[in-house]
Amino acid sequence: MALLLEQLLNGVQLGVTLFLLAAGLTLVFGIMGVINLAHGSLYMIGAFAAAWVAAQTGSVLLALASGLAAAAAIGMAIEYVMLRRLYARDHLDQVLATFGLILFFNQGITILFGRQPLFVNLPEFLSGAVEILPGVPYPVYRLVIIAAGLLVALGLYVLIQRTRIGMLVRAGATHREMVRALGVDIRLLYTLVFGLGALLAGFAGVMAGPVYSVNVGMGEQILILTFVVVVIGSVGSIRGAMFGALLVGIVDTLLRAYVPGLLRGVMDASQADMLGAGLASMGVYLLMALVLLLKPRGLFPAHA
Amino acid sequence: MRERILLAALLAAAIALPWIAEALGTPATTGVATRIAIYAIAAASLNLILGYGGLVSFGHAAYFGLGGYTVGILWEHFRLGEPFLGVIPGTAEFLVTFPAAILVGGVAAAAIGALSLRTAGVQFIMITLAFAQMVFFLFVSLAVYGGDDGLMIRRPNALFGLNLRDPATMYWLSLAVLVLWLWQMGCIVRSRFGRVLEGVRQSERRMAAIGVPTYAYKLAAFTISGMACAAAGALWANYARFVSPDMMHWTKSGELMIMVILGGIGTLLGPVLGAAALVGLEYTLSGITEHWQFILGPILIVIVLFARKGLMSAFGRWGPGNG
Amino acid sequence: MLKAEHRLDIVHITYRGLPQVIPALLANEVQMTLSGIASAGQHIVSGGRLRGLAVGRPARFPTLPEVPTLAEAGFGDMDPRTWFGLFAPAATPPAIVSQIQREVAAALRAPAIAERHLTPNGYTVHGSEPAAFAAFIREDLAYKERMIRLSGARVECDGARIRSFKLQRSALGSLRRETPWQTRAKGEDTMTATLTRRGVLAAGTALAAAPLAAPAIAQGAPLKIGVITTLSGPGGYLGADARDALLLAAEMNDGRLGGVPVQFLVEDDALRPAQGKQIAERFLRNERIRLFTGIIFSNVLGAAAPEVLDAGGVYVSCNAGPSNFAGRECRRNYFVISWQNDNLNESAGALANIMGYRRVFILAPNYQAGRDALTGFKRLFQGTVTNEVYTRLDQTDYAAEMAQIRAARPDAVYHFHPGGLGIAFIRQYAQAGLLGTIPQVLPAASMDVRTLAAVGDAAEGVDVSSHWNSDFDNEQNRRFVAAFRQKYNRIPTYYAQQAYDTALAIGAALRGAGGTVDNTDAFRTAMLRADFPSTRGNFRFGPNQHPIQDWFALKVERVGGQLALVTKRKILENHADAYAGQCRI
């Protein structure tokens, strides 16, 4: 029982990280119509910036600030230099160009930091574990991630549902052309949205650094899952991103935790674990395929 | 006429490549050229549905991998002497493994296509990706076929006594298959089938309105494309004598897409150019610096921003199969 | 050399021979010459009319005690020497060669000859065996090559060469007329031979008469060694350490291993078997490399090594030692200097027994070395394994596993996580609150000095089993650790140590095989003698060409305020691997 609870929490933690990424991605895709493969790179940049600053200064706040700043700044730069020329182009061109960005950033980080992963030392008050239930210690830091993610979700909800900007975002996600026709400065909106997405990605990177390792290529690893979340939750929907992220996070974690065990009943340990790991990883994609076949627009489609 | 002469000259140069390479003292070029040829086949197969059909499949590497693993698995069972699933005996005969790979690719494409083609747009992209990832993780989890570490194929398949270990022989075989496939694609594109496909790309609604069963046509094209991609995979297995789940990873699909886009979508020779460009760039740049991707990235971006139709557009209007 | 390297302002005036030089010297027409002790010594000793500036030998000459050696005079890089040796035709049966060598060496050392005629004239008698003589010739060649380069001498058109060749014919003739013997006498004599073109050609032709016909020694090109290793990703520092140690070993010997100048070609396999295989293929095909080393991860080895071995090359493993290549699939040209993977984990199992743990939870990544690890641990561990869990090689999040460990409540946890994987696991172990409660028994792979530095306090008190530690007290190890720390500013991990030993082993094998890998049988014979001083102390090969060595228990303790790995005691002695019996070479 305790094991299950711990695994559920792990799933929620993964889900929250995915949400931070998916929220940005779904907004960019929904409102701007741009597929941005380099979203994972912004996540990586945030992680590296924070890890490096943390190693140099030892300050949590500075690390957080620099991670966010780096991701946002580079995000804006990408948007200004490159992305705005791609709004009118079709998805293929966007895929190609942003793939080029991935290569560029990955190698750039390698040149700057070398190929070794960076390790982040957590400050005292964040490491260690607390007993959430008697006899069930859980790492403090992961709880912090969950809390931070939920706070951001709340903030986004307020932003999207209760502010004017949020209204424009929702409108843009529903029907882009109409918003432009109504005279809204779409360029500014786009830049803002992209900046927000970059910020969220950077934040996810900063938070994830101490848990996973900060290495080149970490962006691509999580990007694919992020896309799955976006598709399941419907493009353009923050609510869908939240729900999809939690669903994917929990399903993935639980499958990885329990499927190998189930298989050990029928085959030897090493084979069971290997097959189990493979099947567990397949699980999320199976889930996405199922959702798409039943509800091709995702679970929370923006249009009617 | 000029086109034909140019094409013939190109073909002649391609055939003579191993001798030229030897004469110039760079025998490694033959290996690189073989790789280009094999990737060109795969990219061309993707081009059929992407360029002509407008279907963006982000999971084409799955067929490439399945083709390769067919050869690999048949070899493994041949080596062990046990039949696959207790019924199918292993073999190392190219004339058996090659068609087998094509068959497997076709079946897989038909199955995946049947499900995926129910969606469209970005959902189609994602669902093809999902299926490819499933195949990837399936092979990663099969310890008996090497899992993540891959499968070594100690000897290439036997084909009429040809030694496929010899780089030149392998190259000519791949070149032959490439030429065959491109010619085949040319026929398809010019045929009625190809015209319908083009029409579907331009406007599916219109085609449906005039009574064309678009789903069937798309599925047929998808299946043919998968078969050709698997053929490329089978050739790769013989060339590298090693297959691994890497062949089916989504980044491999991405590379294939890049080759198609880079070379020029919807052109016959575009994929060949794209494959040559990407493999060639990687080969030369990695000789200069280990951070070659740092240069490749911006090159790709520049090409996308300024050379809208890919490399083929740089070669002007001529070139067969334009559109 | 005096002019080129030491920048002395000397004008070289040529005379036809020493008899013409001495009077000129005495008459102060020239101020300095180079000659043998025999000819000039008497003028120095008896007349005091010539002053000895220096002698070119290791120690001062007995009859000229006031004359310093070149080294003492500050010209230690010059080593002028001529030597005499006996050669036999190449096809002479080895038995006859040995017999001749023995007799002549005895004769040379006989007091009547040595003390009466050779030593007083400045000769040192060696009487060495063929292999050593060949190595000496090679070293000498390299030195002479340097001389030739410094002198700027060039081979000119054939006519001139033939002319000079005739001039030398008498010299050669006298050499050849002698009955063929094989000995070596070393005379610290004339240096002029090396500085004039005549001398250069003489050296060249004398060597041409040498029956050591293998073309390899005649070329000055360095031997290329292919190093395929992991330089990127969390396992990147493992390969970096190995590479750095290989380079250091060669550097410490003047760019040579076993007297042979070597060149390492290093490439990154990124922990991908396909990539390792491709690099091997490229090295074999384009660079024509025959000797390989460097691979850290066993899955890469599984793809790349067969490629090398099938093509007739030699692979010397500096780290990976999977069980399949130790048993049924062993190969004649495959040597392992590090360990057989199981052994490391067997030692951890033995350590767990010693520590009294009855129930242990074990984990490893799901690839060959990981599976070997758990098999190895279970082989010697006598208690119960509560859980046997396989993680993924690309896994960085161990939350699920931590939960399982907590639920199982074992006496101890054993896990095999090389490189960055270990760092992530150990930190998350501490974060999950398990550090104080459930002790860890680790193989060195999961806790090397870099892991220790990265996890810090999360490692205190952990027990580790290893074949080596940087604090081992033998001369070779002390030299190695000091040199490594000085050059690279960090403590070497065992990956560096193993690579260093590998370089020395390769050197010893090259020395014994005549400086080339072309004859793989000779290389193998020489390699299996393990004729090198290992940083571990004891080292020898088992019948399957894997090491037989001792294993030790280490502990992470505070030494002077810093956490360090401290050697505690020996766990296993002369431990062989379990697969040797299956190997049929």
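The values are calculated or read from the model by the stated rules, or taken from the named source; none is laboratory data. Please read these numbers as outputs of a predicted model, since none were measured by experiment. A quick note on method: Cβ atoms are made from the backbone with ideal geometry, for glycine too, and the neighbour counts reach across all protein chains shown.
Right, residue C:309: modelled with pLDDT under 90 and not in a loop (DSSP other than H, G, I, E, B) or not? Show your work before the answer.
Values: modelled with pLDDT under 90: no; not in a loop (DSSP other than H, G, I, E, B): yes.
For residue C:309, the condition - modelled with pLDDT under 90 and not in a loop (DSSP other than H, G, I, E, B) - is not met.
Restricting to region C:228-270, name every residue that is aliphatic (A, V, I, L, M) and closer than 15 Å to residue C:507 by Cα. C:245, C:246, C:247, C:248, C:249, C:250, C:252, C:257, C:260, C:262, listed by residue number. One residue is enough: does region B:135-145 have a residue meeting the conditions within 14 Å of chain A (Cβ to nearest Cβ), closer than 18 Å to residue A:276 by Cα, touching a His at 6+ places or on another chain (Cβ under 7 Å) and surrounded by 23 or more Cβ atoms within 10 Å (Cβ to Cβ)? Yes, the conditions are met somewhere in region B:135-145. Checking each residue in region C:78-121 for being surrounded by 12 or more Cβ atoms within 10 Å (Cβ to Cβ), farther than 25 Å from residue C:139 by Cα and among the charged types (D, E, K, R) picks out C:103, C:115.
Which residues, taken from region A:97-149, are within 14 Å of chain B (Cβ to nearest Cβ) and polar (S, T, N, Q)?
Looking only at region A:97-149, we keep the residues that are within 14 Å of chain B (Cβ to nearest Cβ), and these are A:97-115.
Across region A:97-149, the qualifying residues are A:98, A:106, A:107, A:110.
Residue B:60 - would you say it is more than 11 Å from chain A (Cβ to nearest Cβ) and either touching a Leu at 6+ places or on another chain (Cβ under 6 Å) or within 30 Å of residue A:90 (Cβ to Cβ) (or both)?
Spelling it out, residue B:60 is indeed more than 11 Å from chain A (Cβ to nearest Cβ) and either touching a Leu at 6+ places or on another chain (Cβ under 6 Å) or within 30 Å of residue A:90 (Cβ to Cβ) (or both).
Checking A:228, A:152, A:259 one by one, the residue that is within 14 Å of chain C (Cβ to nearest Cβ) and either part of a helix (DSSP H, G or I) or modelled with pLDDT of 85 or more (or both) is A:259 and no other. State all residues of region B:8-30 that are modelled with pLDDT under 85 and not hydroxyl-bearing (Ser, Thr, Tyr); if no residue qualifies, say none. Within region B:8-30, B:21, B:22, B:23, B:24, B:25, B:27, B:28 qualify. Taken as a whole, the condition of being within 30 Å of residue B:79 (Cα to Cα), of a type in the set (A, V, I, L, M) and in contact with a helix residue (DSSP H, G or I) (Cβ under 6 Å, 6 or more places away or on another chain) applies to residue B:230.
When region C:394-425 is limited to residues that are more than 11 Å from chain A (Cβ to nearest Cβ) and hydrophobic (A, V, I, L, M, F, W, C), the one that is farthest from residue C:454 (Cα to Cα) turns out to be C:412. Counting the residues of region C:425-481 that are among the aliphatic types (A, V, I, L, M), over 23 Å from residue C:385 (Cβ atoms) and surrounded by 24 or more Cβ atoms within 10 Å (Cβ to Cβ) gives 3.
Go through region C:109-153 and report how many residues are basic (Lys, Arg) and touching a Phe, Trp or Tyr at 6+ places or on another chain (Cβ under 7 Å).
Start the filter on region C:109-153 by keeping residues that are basic (Lys, Arg), which leaves C:109, C:116, C:138, C:144, C:146, C:149.
Among the residues that remain, those that are also touching a Phe, Trp or Tyr at 6+ places or on another chain (Cβ under 7 Å) are: none.
Count: 0.
Here residue C:452 meets each of (1) within 11 Å of another protein chain (Cβ to nearest Cβ); (2) under 26 Å from residue A:208 (Cβ atoms); (3) at pLDDT below 90 with one exception, condition (1).
How many residues are surrounded by 14 or more Cβ atoms within 10 Å (Cβ to Cβ) and without any contact (Cβ under 8 Å) to a residue 12 or more places away in the chain if we restrict to region B:154-183?
Residues of region B:154-183 that are surrounded by 14 or more Cβ atoms within 10 Å (Cβ to Cβ), as a first pass: B:155-159, B:162, B:164, B:167-175, B:177-179, B:181-182.
Cutting the leftovers down to without any contact (Cβ under 8 Å) to a residue 12 or more places away in the chain gives us B:162, B:169.
Number satisfying all stated conditions: 2.
Within region C:350-393, which residues are β-branched (Val, Ile, Thr), more than 11 Å from every other protein chain (Cβ to nearest Cβ) and surrounded by fewer than 21 Cβ atoms within 10 Å (Cβ to Cβ)?
Residues satisfying the conditions are C:354, C:384, C:386.
The residue that is nearest to residue A:31 (Cα to Cα), counting only those in region A:281-304 that are in contact with a Lys or Arg (Cβ under 9 Å, 6 or more places away or on another chain) and at pLDDT below 85, is A:302. Let me spell it out: the conditions are (1) away from chain C (no Cβ under 14 Å); (2) in a helix (DSSP H, G or I), and residue A:183 meets all of them except one. Which number is the exception? Tallying (1) away from chain C (no Cβ under 14 Å); (2) in a helix (DSSP H, G or I), residue A:183 fails exactly one: (2). Within region C:252-293, the set of residues being acidic (Asp, Glu) and either part of a strand (DSSP E or B) or within 30 Å of residue C:481 (Cβ to Cβ) (or both) comprises C:254, C:267, C:268, C:269.
Scan region C:308-319 for residues that are within 14 Å of another protein chain (Cβ to nearest Cβ) and surrounded by fewer than 24 Cβ atoms within 10 Å (Cβ to Cβ) and jot them down. Walk me through it before giving the result.
First, the residues of region C:308-319 that are within 14 Å of another protein chain (Cβ to nearest Cβ): C:308-312.
Within region C:308-319, C:309, C:310, C:311, C:312 meet the criteria.
Considering the conditions (1) more than 10 Å from chain B (Cβ to nearest Cβ); (2) touching a Pro at 6+ places or on another chain (Cβ under 7 Å), residue A:276 is excluded by exactly one of them, (1).
On the given criteria, is residue A:192 farther than 11 Å from residue A:25 by Cβ, without any contact (Cβ under 8 Å) to a residue 40 or more places away in the chain and either assigned to a helix (DSSP H, G or I) or within 13 Å of chain C (Cβ to nearest Cβ) (or both)? Don't jump to the end; show me each part of the working.
Numbers: farther than 11 Å from residue A:25 by Cβ: yes; without any contact (Cβ under 8 Å) to a residue 40 or more places away in the chain: yes; either assigned to a helix (DSSP H, G or I) or within 13 Å of chain C (Cβ to nearest Cβ) (or both): yes.
In short, yes.
Of the set (1) without any contact (Cβ under 8 Å) to a residue 60 or more places away in the chain; (2) over 17 Å from residue C:503 (Cβ atoms), all apply to residue C:351 but (1). In region B:92-121, the residue that is surrounded by the most Cβ atoms within 10 Å (Cβ to Cβ) out of those that are within 14 Å of chain A (Cβ to nearest Cβ) and closer than 19 Å to residue B:61 by Cα is B:116. If only residues of region C:525-557 that are of a type in the set (Lys, Arg) and in a strand (DSSP E or B) are counted, the one that is farthest from the chain's Cα centre (by Cα) is C:555. Only one of the numbered conditions (1) more than 12 Å from residue C:463 (Cα to Cα); (2) exposed (fewer than 15 other Cβ atoms within 10 Å of the Cβ) is not met by residue C:569, and that is (1). Just so you know, in region B:231-250 the residues that are of a type in the set (Gly, Ala, Ser) and more than 18 Å from residue B:142 (Cβ to Cβ) include one that is modelled with the lowest pLDDT, and it is B:240.
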